[in-house]
């Protein structure tokens, strides 16, 4: 399946496991994704808290994910965070293929102490994102929190997913982590193969 990320290079494909990459003047990123994994990951973006969020995403989604990213962090974190999200979303689109036989929809609510986040997803190929995460500070570690929303929107765009994700909490670390955990669990359900469905989960067919 062609993703909205035109410069994505598919290096390897085996069932629902893909390796994709993208190189620009700002970043050089390779992502390996197995939708039917066990939650293992190796994440290296150069941004510690972003690595933490993506590791949590892999673990709770039971996706096997390897991210090797090099970006112009001497400028700021924006290009690296955005492009990792774009390539990861593109990897999901490629791994899902024609999206036949999947459950398509998923939702999950995850608490983390005083914080809670709820994610509802449709991976049927319609990219849209509505994000409401009321962070209080500017950063957690070296990750600017305004980039959390942007990363989630970028992921939804190239994954071909509709994402509604909202949350509340007093601790920004907890809120961001709950958001990625809820997204992981919702995506896990949506991407699962449905043994009762042989074709597309759409009345439009195809």
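The values are calculated or read from the model by the stated rules, or taken from the named source; none is laboratory data. All of these numbers come straight from a predicted model, not from anything done at the bench. Glycine gets a Cβ as well: all are built from the backbone with ideal geometry, and neighbour counts include every protein chain shown.
What is the one condition in (1) farther than 17 Å from residue 47 by Cβ; (2) part of a loop (DSSP other than H, G, I, E, B) that residue 137 does not satisfy?
Residue 137 satisfies every listed condition except (1).
To keep it simple, each residue is scored yes or no on (1) more than 12 Å from residue 161 (Cβ to Cβ); (2) in contact with a strand residue (DSSP E or B) (Cβ under 7 Å, 6 or more places away or on another chain).
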| site | (1), (2) |
| --- | --- |
| 70 | yes, yes |
| 80 | yes, yes |
| 88 | no, yes |
| 92 | no, yes |
| 95 | yes, yes |
| 98 | yes, no |
| 101 | yes, yes |
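Can residue 61 be described as under 19 Å from residue 17 (Cβ atoms), crowded, with 23+ Cβ neighbours inside 10 Å, touching a residue at least 40 places away in the same chain (Cβ under 8 Å) and in contact with a helix residue (DSSP H, G or I) (Cβ under 6 Å, 6 or more places away or on another chain)?
So residue 61 passes the test.
Looking only at the range 21-38, count every residue that is part of a loop (DSSP other than H, G, I, E, B) and either touching a strand residue (DSSP E or B) at 6+ places or on another chain (Cβ under 7 Å) or under 20 Å from residue 8 (Cβ atoms) (or both) and tell me the total.
Number satisfying all stated conditions: 6.
Within the range 103-122, is there a residue that is modelled with pLDDT of 95 or more, more than 18 Å from residue 188 (Cα to Cα), outside any strand (DSSP E or B) and under 12 Å from the mean Cα position of the chain (by Cα)?
Checking the range 103-122: not a single residue is modelled with pLDDT of 95 or more, more than 18 Å from residue 188 (Cα to Cα), outside any strand (DSSP E or B) and under 12 Å from the mean Cα position of the chain (by Cα).
Filtering the range 191-206 down to residues that are surrounded by fewer than 24 Cβ atoms within 10 Å (Cβ to Cβ) and touching a strand residue (DSSP E or B) at 6+ places or on another chain (Cβ under 8 Å), which residue is modelled with the lowest pLDDT?
Here the answer is 201.
Would you confirm whether or not the range 84-101 contains a residue that is part of a strand (DSSP E or B), modelled with pLDDT of 95 or more, within 15 Å of the chain's Cα centre (by Cα) and buried (at least 18 other Cβ atoms within 10 Å of the Cβ)?
Scanning the range 84-101 turns up no residue that is part of a strand (DSSP E or B), modelled with pLDDT of 95 or more, within 15 Å of the chain's Cα centre (by Cα) and buried (at least 18 other Cβ atoms within 10 Å of the Cβ).
Only one of 48, 39, 15 is without any contact (Cβ under 8 Å) to a residue 24 or more places away in the chain, surrounded by fewer than 18 Cβ atoms within 10 Å (Cβ to Cβ) and over 11 Å from residue 67 (Cβ atoms). Can you tell me which?
On inspection, the qualifying residue turns out to be 15.
Which of the residues belonging to the range 105-124 are farther than 19 Å from residue 178 by Cα and crowded, with 23+ Cβ neighbours inside 10 Å?
Correct list: 123 only.
Take the residues of the range 144-172 that are surrounded by fewer than 19 Cβ atoms within 10 Å (Cβ to Cβ) and assigned to a helix (DSSP H, G or I): which is farthest from the chain's Cα centre (by Cα)?
Only one residue fits best here, namely 146.
Of the residues that make up the range 125-135, is at least one under 17 Å from residue 181 (Cα atoms) and buried (at least 24 other Cβ atoms within 10 Å of the Cβ)?
no
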